[in-house]
Amino acid sequence: MRIDVVTLFPEFMAQSAALGVVGRAAERGLLELHGWNPRDYAEGNYRRVDDRPFGGGPGMVMLIEPLRACLAAAKAADPAPAPVIYLSPQGRPLTQAKVRELAALPRMILLCGRYEGIDERFLEAEVTEEISLGDYVLSGGELGAAVIVDAVTRLQDGALGDAESAAQDSFEGPQGLLDCPHYSHPAQHEWGTVPDVLRSGNHAAIARWRRQQSLLRTALRRPDLLDEGQLSKADRLLLEQARQALAKDPTP
Ligand code: 9D3
């Protein structure tokens, strides 16, 4: 997959994509990431990319022309059509369903704003879709672009080792559930003991316990993710048992 990022801070994107799963995917050619800086397409001695807003008020607005030339260069670098996705607090919050949709594309262009935002006429003319990271205030779109690059790269064929199959991720089931707890050595520690079932060697019992923990955690921490009516009979039973055990012994 090819991702072009239009940003005043292309070095930020390069850094965030250099390590771990994304770095390895880029090395292996599964991800081709390019940064494009509107300042390189700005005219004049000052190479201005922003100006004061009509109507007044605080902050600056990104100008149409440097962005237009920059985006045109990014588009022309590859013949494949690409949606232009604007990272913005006015977008729809990113979900794993949207990540799956984007991950299937051959190409996309991510547009990062800075300052108060981008001239609305540019957005109307060029932007396919707006995506937000959630209801909190960031300083620009770059972290959002890095999040999308990471999340879609994990879903590329061959990006993950056997160790971390994407199919096992939280939110990837038919019903998105939170992950179960994980433990490693030592089995006995001053902060607690690893649950016996995980050391039993009984793989069916272990799978059952993990499923039960996922159900319970989701019910307690993210009830918005859990449609209990949609659960299988077996899952409802597991959750009911977990709730009863918790009521009897509320120590977490
Ligand atoms: C007058 C209010 N403005 C500043 C507090 C609004 C505002 C302008 C620009 C708020 C944030 C930003 C920059 N944010 C992003 O570019 C951004 C973002 C975010 O702030 N929250 C969640 N997701 C995203 S994606 C891009």
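Rule-based calculations on the coordinates, nothing more; no lab input. Values in this document were obtained by computation on a predicted structure and should not be read as measured data. A quick note on method: Cβ atoms are made from the backbone with ideal geometry, for glycine too, and the neighbour counts reach across all protein chains shown.
Some values worked out for this structure:
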quantity: Theoretical FRET efficiency, 1/(1+(r/R0)^6), r = Cβ-Cβ of TRP191 and ARG92, R0 45 Å, to 0.05; calculated: 0.65
quantity: Stretchable slack from THR128 to ARG52, in nm (0.36 nm times residue separation minus alpha-carbon distance); calculated: 24.8 nm
quantity: Whichever lysines have a C-alpha closer than 23 Å to that of LYS75, once near sequence neighbours (fewer than 8 apart) are set aside; calculated: LYS98
quantity: Dipole in debye (nearest 20) - the chain, about Cα centre, beta carbon charges: Lys, Arg +1; Asp, Glu -1; calculated: 680
quantity: FRET efficiency for LEU19 and GLN230, using Cβ-Cβ distance with R0 set to 51 Å, rounded to 0.05; calculated: 0.85
quantity: Residues in region 76-111 that a label on PHE171 would reach, taking backbone N under 16 Å of a point 7 Å out along Cα→Cβ; calculated: 88, 91-104
quantity: Counted charge near GLU65, where neighbours are those whose Cβ lies closer than 14 Å (Asp, Glu -1; Lys, Arg +1); calculated: -1
quantity: Pairwise FRET efficiency - LEU143 versus ARG243, Cβ, R0 = 45 Å, nearest 0.05; calculated: 0.75
quantity: Linear extension gain, ARG210 paired with ASP40, 0.36 nm per residue minus alpha-carbon span; calculated: 56.0 nm
quantity: Note, ³J(HN,Hα) from phi for region 106-113, Karplus 6.51, -1.76, 1.60, rounded to Hz, x at Gly and Pro; calculated: x, 6, 8, 10, 9, 10, 10, x
quantity: Fraction of beta bridges assigned by DSSP in the chain that are antiparallel (%, nearest 5); calculated: 15
quantity: For the chain, the spread of Cα positions along each principal axis, largest first, Å; calculated: 71, 43, 38
quantity: Choice from GLY161, GLY192, GLY56 with maximal GNM fluctuation in the chain (Cα, 10 Å cutoff); calculated: GLY192
